[in-house]
Amino acid sequence: MIERENIIKVDGGRFVYEEALQLVRMLNSKNPVTQINASVMIWERNGILRIVVILLVVIILATVILLARH
């Protein structure tokens, strides 16, 4: 069971204290790839990443269907 005090919300996503600490380090990094990885972690936790993936799949399927009809 997770204690309530140990949960930190970042942009709608819930993180354990240790994960949030790692997230802060990643966001403050000078490496842009590390910053992007931190953003993707946040998107994953708050559900945006799932929506983006579903939209990409729909766009790809629509493109394949349109190309197959020609």
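What follows draws every value from the coordinates through simple rules; no lab data is involved. Since this is a predicted model, take the numbers as computed values, not measurements.
Overview of values
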read-out	value
HN-Hα J in Hz across region 23-39 - Karplus 6.51, -1.76, 1.60, θ = phi - 60°, x for Gly and Pro	4, 4, 4, 5, 5, 8, 5, 7, 7, x, 5, 5, 5, 5, 4, 5, 5
Reciprocal of mean inverse Cα separation for the chain (Kirkwood radius, Å)	14.2
Whole-Hz ³J(HN,Hα) from phi, Karplus 6.51 cos²θ - 1.76 cosθ + 1.60, for region 52-59, glycine and proline x	4, 5, 5, 5, 5, 5, 5, 5
Residues with amide H under 5 Å from that of residue 16, placed H, sequence gap 5 or more	8
